[in-house]
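The values are calculated or read from the model by the stated rules, or taken from the named source; none is laboratory data. Predicted model, so just to flag it, every value in this text is computed and none were measured. Note: ideal-geometry Cβ built from the backbone for every residue, glycine included; neighbour counts use all protein chains shown.
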């Protein structure tokens with residue numbers, strides 16, 4: 001799933017998505033990033049701050065937290081339960097938990113419900129009540145459920161999720177009715193304003209600001225630097241309970257001390273952005289190529305259109321514009337619109353594509369089926385073919401390839417541009433485009449003067465450009481007898497470390513089903529247990545699936561697996577669809593020997609198998625669910641299909657990854 005960045009025409013919010021009430025002031029300095037693994041010598045610093053509540057980004061026992069209070073790095077996130085980008089960044093945090101563990105990283109939640117998300121504040125107050133009743137473990141269980149069901153943030157669901165989180169529901173209901181959590185939520189909003197954290201998610205890593213749903217690499221770069229700094233301070237004698245507040249106070253800077261956005265945005269790195277096969281407006285010999293990743297339903301993509309038209313009118317044949325589709329998952333009409341534009345190209349060539357492109361943006365936000373049919377008729381398209389292309393997703397493969405490329409290039413929001421490979425993000429004014437274009441025209445002139453053919457300028461520039469980093473590898477201890485499906489001899493083995501109560505594990509299931517459909521006998525799926533300690537029903541569910549395998553083999557395991565995920569979110573006001581009574585119901589429906597099933601759960605018959613998976617998890621330093629090992633390459637979290645597909649293709653072409 002890809003997401004959108006909230007932009008203004010003059011100010012970039014971030015290089016990754018975030019919900020924002022208004023464009024925030026310039027961000028706090030990130031400080032120097034330390035490369036490599038060496039620990040720098042201690043540096044002189046200000047005296048230790050008295051307590052964590054006195055630091056620039058204060059935290060206290062009143063805040064939900066994961067990880068040790070003495071961890072060298074504390075990540076404070078301001079989030080909104082209705083914000084899709086907050087949900088996305090929590091998936092990233094799971095990868096960080098796996099990578100760093102609770103001894104090196106602590107994650108602290110602060111509330112920042114935004115005024116245009118009407119369900120955000122009630123959910124935040126409900127979560128605050130859960131925290132007050134059940135502590136951090138209960139809070140994270142509740143937050144997992146809320147973020148996984150952002151379209152269902154209602155009072156009945158709050159009660160069901162509170163029950164699933166293990167708190168007393170009558171007490172919870174009384175607290176919610178009395179707005180017991182309001183003071184905590186107000187305090188979070190007030191602190192966010194003080195720290196200029198005016199969008200969600202906003203994270204402070206030991207006080208270093210990182211805005212939006214950035215990827216794990218962006219977080220890791222700062223975390224690694226802060227780990228080195230923190231360890232050096234501890235080695236120099238600083239008390240662990242003083243470390244966070246001291247570093248956060250040193251790192252956080254008031255906005256007035258910041259450079260302006262032009263200085264902070266990386267427009268110098270050249271990325272290798274291919275254009276072959278994409279719709280193009282302009283001549284192939286243009287010295288400057290602008291590649292645009294865009295979404296027909298995104299209002300910011302529409303907002304930038306006048307600037308692009310001014311680029312075309314000002315520079316003529318010196319600039320060509322290349323379109324790449326990036327329909328965002330929460331824009332339901334973006335994909336149908338993209339299909340229509342692709343069909344227009346198939347019927348009427350490049351001119352037909354750009355006519356459809358212009359008509360779609362002119363029509364936005366009206367992009368219902370009737371609107372698309374009207375546009376198709378106005379463009380003179382074959383009505384039957386146009387409707388069929390939309391209904392059958394005829395160009396899905398082409399659109400997916402554009403989305404894969406966006407992922408590779410870290411183009412995580414729309415609109416996103418590359419000017420001769422140099423990144424420019426958001427609905428920027430004409431002047432921002434012109435500045436880069438003018439520089440690139442001089443660059444192109446120099447290349448041509450040295451003998452580069454005009455038609456080869458772009459390929460020459462991007463040839464040595466930056467590409468995607470290779471996927472990380474991970475070795476895991478195998479377990480004899482682990483449940484599997486697919487082909488016994490499949491060239492690509494996908495080991496899934498997962499938890500039947502984890503909503504993100506459930507969210508990954510459609511992707512795995514699509515992989516099985518697309519790759520058939522080339523893939524073998526292996527299940528490994530990772531029941532998280534804060535999911536009370538995860539361990540019994542794992543035992544139930546293991547007993548189903550003992551009684552009816554792999555087919556029995558996968559039948560139980562499917563039932564557990566299908567009923568994961570079931571609630572009756574007293575518990576979840578994974579309670580003991582529910583497990584026994586599923587066993588009966590599958591025709592298992594019920595007395596033997598009950599005995600297995602009562603006596604923990606499958607402890608050895610679960611312990612073996614636990615040992616493998618510990619040895620590989622896996623802590624987040626779901627974690628996938630795909631032919632030796634690791635994929636953390638419920639990632640989109642394209643992420644898996646590219647790794648599968650790599651393994652099929654070149655063999656498994658070598659840790």
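Observations on the structure shown:
- Failed criterion for residue 455 (all others in (1) crowded, with 16+ Cβ neighbours inside 10 Å; (2) out of contact with any strand residue (DSSP E or B) (no Cβ under 6 Å at 6 or more places or on another chain) hold): (1)
- Yes/no for residue 362 being surrounded by 18 or more Cβ atoms within 10 Å (Cβ to Cβ) and in the same structural domain as residue 397 (by TED's automatic domain parsing): no
For every residue, the table says whether it meets (1) touching a strand residue (DSSP E or B) at 6+ places or on another chain (Cβ under 8 Å); (2) under 24 Å from residue 463 (Cα atoms); (3) assigned by TED's automatic domain parsing to the domain that holds residue 291; (4) at pLDDT below 95.
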| position | (1), (2), (3), (4) |
| --- | --- |
| 356 | no, no, yes, no |
| 372 | no, no, yes, no |
| 381 | no, no, yes, no |
| 402 | yes, yes, yes, yes |
| 412 | no, yes, yes, yes |
| 425 | yes, yes, yes, yes |
| 431 | no, no, yes, no |
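- Filtering the range 118-143 to residues that are surrounded by fewer than 22 Cβ atoms within 10 Å (Cβ to Cβ) and touching a strand residue (DSSP E or B) at 6+ places or on another chain (Cβ under 8 Å) leaves only 136.
- Subset of the range 106-117 (residues that are out of contact with any strand residue (DSSP E or B) (no Cβ under 8 Å at 6 or more places or on another chain) and surrounded by 20 or more Cβ atoms within 10 Å (Cβ to Cβ)): 113
- Residues of the range 367-409 that are surrounded by fewer than 19 Cβ atoms within 10 Å (Cβ to Cβ), within 28 Å of the chain's Cα centre (by Cα) and not in a helix (DSSP H, G or I): 368, 392, 393, 394.
- Restricting attention to the range 106-123, the residues that are in contact (Cβ under 8 Å) with a residue 60 or more places away in the chain, outside any loop (DSSP other than H, G, I, E, B) and over 23 Å from residue 56 (Cβ atoms) total 1.
- Of all residues in the range 131-173 being farther than 16 Å from residue 568 by Cα and assigned to a loop (DSSP other than H, G, I, E, B), the one that is nearest to the chain's Cα centre (by Cα): 153
- All of 541, 545 fail the test of being assigned by TED's automatic domain parsing to the domain that holds residue 503, buried (at least 23 other Cβ atoms within 10 Å of the Cβ), assigned to a helix (DSSP H, G or I) and in contact with a strand residue (DSSP E or B) (Cβ under 9 Å, 6 or more places away or on another chain), apart from 545.
- Test: residue in the range 583-594 that is within 33 Å of the chain's Cα centre (by Cα) and in a loop (DSSP other than H, G, I, E, B): no
- The residues of the range 170-190 that are surrounded by fewer than 18 Cβ atoms within 10 Å (Cβ to Cβ) and at negative phi, listed by number, are 170, 171, 173, 174, 177, 178, 182, 183, 186, 187, 190.
- Every test in (1) surrounded by fewer than 17 Cβ atoms within 10 Å (Cβ to Cβ); (2) in a loop (DSSP other than H, G, I, E, B) is passed by residue 490 save one, and that test is (1).
- Answer from 94, 69, 103 - the residue that is under 17 Å from the mean Cα position of the chain (by Cα) and either crowded, with 22+ Cβ neighbours inside 10 Å or not in a strand (DSSP E or B) (or both): 94
- Out of 89, 57, one residue alone is under 20 Å from residue 503 (Cβ atoms) and either part of a strand (DSSP E or B) or assigned by TED's automatic domain parsing to the domain that holds residue 249 (or both). It is 89.
- Only one of 279, 306, 287, 299 that is farther than 19 Å from residue 436 by Cα and at pLDDT 95 or above: 279
- Matching residues in the range 191-224 - criterion: being surrounded by fewer than 22 Cβ atoms within 10 Å (Cβ to Cβ), under 24 Å from residue 468 (Cβ atoms) and over 15 Å from the mean Cα position of the chain (by Cα): 221, 224
- Selection count where residues are modelled with pLDDT of 95 or more, part of a helix (DSSP H, G or I) and within 27 Å of the chain's Cα centre (by Cα), scope the range 518-538: 1
- Residue match in the range 495-505 (condition: out of contact with any helix residue (DSSP H, G or I) (no Cβ under 6 Å at 6 or more places or on another chain) and without any contact (Cβ under 8 Å) to a residue 12 or more places away in the chain): no
- For residue 561: the one exception among (1) farther than 30 Å from residue 156 by Cα; (2) in contact (Cβ under 8 Å) with a residue 24 or more places away in the chain: (1)
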